[in-house]
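Here's the structure, in structure tokens; my notes come after.
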Amino acid sequence: MKTIAVGGTAFALLQCNNGASAFVGPQQHQVQQMHRRPQKLTSTCVSPSSRSLRLRSRQQQQQQKHRQAPVLQAADTNLEFFKPFLEKDFRLADEEIKPYASLKVGSSDKIVNLFGLWTFVASLLTGPIWAAAMYVLNAAYEADTDNQYLNKWDPNRAIYDGTGKVWSRVWLALTMSTPTLSGDVDRLREGQGACLYVANHASWLDIPVLCTVLDPVFKFIAKGELGKVPCIGQQLTGGKHIMINREDRKSQFLTFKEGLGWLKSGVPIMAFPEGQRSPEGRLIDFKGGIFSMAVKSKVPIVPISLSNTNAIMPGNSLFPVQPGAGKLHIHVHESIDTEGLSEAEIADKVRAALLSKMPECQHPIPATATSTAVDASAEVLVGKTAVVTHTAEASPEAEITGAVLRADNKNKKDDTMEKKGSTAKENESERKDEKQTV
């Protein structure tokens, strides 16, 4: 066999004893066959067609392997390579961010630096194309009123949601923030069945990062306010995702019912059990009720740890403040079977799983440190009126808070008594003056 390069492409030339030869190109299929003599191939030569079949079979195996190990995946053997990124704190100080401008967004100020301006440009370049694709697809879905065409073929709007996944990959690539992936990645593949994906929520960046790696069609549980965000809101509403208003109990009930409907139809749900973005990027307490969906529908829960999204896009910034390449990491944990477990037990398992693959800077502040900080603040407040000598054992925060409140109430009572006393004295002096005048 000889290798011949034609136009920068390598072709293998197969030569047989009977003079037959064939070119086999990069796709491992027979391109052209030439015979010097119209003779039947002898057993001493491997038929080009047979070799082509074997090469095609090898190619299919490679393609299958490629589907199971995408570019984003970090093999388990390389987890040691990503360990430093999970342990290092990538958060930037204000002088390192170097804010270029500060904008008033709602009731808070959002900073923008030069890298943030580039991400804004990337959004301007890709956002209108994404919005136009969603508009056209939504019009096609709405036009199929009889559910005979697009709605029948794609009832879960997988194509519509696919536009968001494509945009997420392109936008993260343009902003140099493609994440790495490790763990039980097969759980993110199509055909795994219904489940409840749960992840920690530290940044707006969590949404495009998750859309980058979740292959099957899934539905977010998102706050109703996100429906007003350009493109993101269009994706959530047009894709029939679950919108919730936490202030409305009826909305919470409808959310629960809608989530059960998707799970029973085989569509996974993606939720953030914290119920909101963590202000400092640290894991906070879970909201109740989210795990009951999995218990009621008898589907497993798949925890997903997101690392360093808050460092790339903190809560006080309007856009990302630094590239995420080599910093953003996703770890998929083994699924948790909910059968026979209470919601509190499930919450403990999910919390332990998430924290096991999150950087230390995203862990909650230890209770001892919190108790010390509260204790110091309480002594300053209480020291003005009384000395509180407590040893908080069972619930330090509750006891210290109670002491502060008691001292504060005592101050208020004293002030009230003093005001009443002074008022009575003033009234008495006024009466004496009136008597003297008469």
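Quick rundown of the values:
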item: Qualifying residue in the stretch 135-145 (condition: under 15 Å from VAL170 (Cβ atoms), free of Cβ contacts under 8 Å to residues at least 12 places away in the same chain and of a type outside the set (Phe, Trp, Tyr)); result: no
item: Single residue of the stretch 163-188 satisfying the filter (open to solvent by 20 Å² or more (accessible area, probe 1.4 Å) and either among the aliphatic types (A, V, I, L, M) or without any contact (Cβ under 8 Å) to a residue 60 or more places away in the chain (or both)) that is nearest to ALA271 (Cα to Cα); result: LYS165
item: Failed item in (1) over 23 Å from TYR141 (Cα atoms); (2) surrounded by 18 or more Cβ atoms within 10 Å (Cβ to Cβ), with LEU254 passing the rest; result: (2)
item: Residues being basic (Lys, Arg), outside any loop (DSSP other than H, G, I, E, B), over 26 Å from PRO364 (Cβ atoms) and open to solvent by 10 Å² or more (accessible area, probe 1.4 Å) - total across the stretch 189-231; result: 1
item: Residue selected from the stretch 353-372 under the condition open to solvent by less than 60 Å² (accessible area, probe 1.4 Å) and either part of a helix (DSSP H, G or I) or at pLDDT 95 or above (or both), by the criterion farthest from VAL302 (Cα to Cα); result: SER371
item: Leading residue by the ranking (farthest from the chain's Cα centre (by Cα)) among those in the stretch 167-188 that are at pLDDT below 95 and assigned to a helix (DSSP H, G or I); result: ASP186
item: Where a residue in the stretch 244-260 is among the hydroxyl-bearing types (Ser, Thr, Tyr) and its partner, wherever it lies, is surrounded by 11 or more Cβ atoms within 10 Å (Cβ to Cβ) and assigned to a helix (DSSP H, G or I), with Cβ under 8 Å and at least six apart; result: SER251/GLY224
item: Boolean, GLY266 is over 19 Å from HIS363 (Cβ atoms) and open to solvent by 10 Å² or more (accessible area, probe 1.4 Å); result: yes
item: Selection within the stretch 232-275 - among the polar types (S, T, N, Q) and in a loop (DSSP other than H, G, I, E, B); result: ASN245, SER265
item: Residues of the stretch 189-218 classified as under 16 Å from ILE232 (Cβ atoms) and touching a residue at least 60 places away in the same chain (Cβ under 8 Å), total; result: 8
item: Restricting the stretch 280-307 to residues that are in a strand (DSSP E or B) and not hydroxyl-bearing (Ser, Thr, Tyr), the residue that is nearest to ILE207 (Cα to Cα); result: LEU306
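Here is a yes/no grid of residues against (1) over 15 Å from the mean Cα position of the chain (by Cα); (2) without any contact (Cβ under 8 Å) to a residue 24 or more places away in the chain; (3) at negative phi:
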| position | (1), (2), (3) |
| --- | --- |
| ILE312 | no, no, yes |
| PRO323 | yes, no, yes |
| GLU339 | yes, no, yes |
| SER342 | yes, yes, yes |
| GLU345 | yes, yes, yes |
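So that you can scan it fast, the table gives a plain yes or no per residue for (1) closer than 13 Å to ALA199 by Cβ; (2) open to solvent by less than 20 Å² (accessible area, probe 1.4 Å); (3) of a type outside the set (Lys, Arg):
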position	(1), (2), (3)
ARG246	no, no, no
PRO279	no, no, yes
PHE286	yes, no, yes
VAL295	no, no, yes
LEU306	yes, yes, yes
THR309	yes, yes, yes
GLY315	no, no, yes
GLU334	no, no, yes
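The values are calculated or read from the model by the stated rules, or taken from the named source; none is laboratory data. A quick note: this is a predicted structure, and the numbers were derived from the prediction, not measured. When we count neighbours, we look across all protein chains shown, and the Cβ atoms used for this are built from the backbone with ideal geometry, even at glycine. The area values use the complete protein model at the heavy-atom level, side chains included, leaving out ligands, DNA and RNA. Shrake-Rupley method; radii C 1.70, N 1.55, O 1.52, S 1.80 Å.
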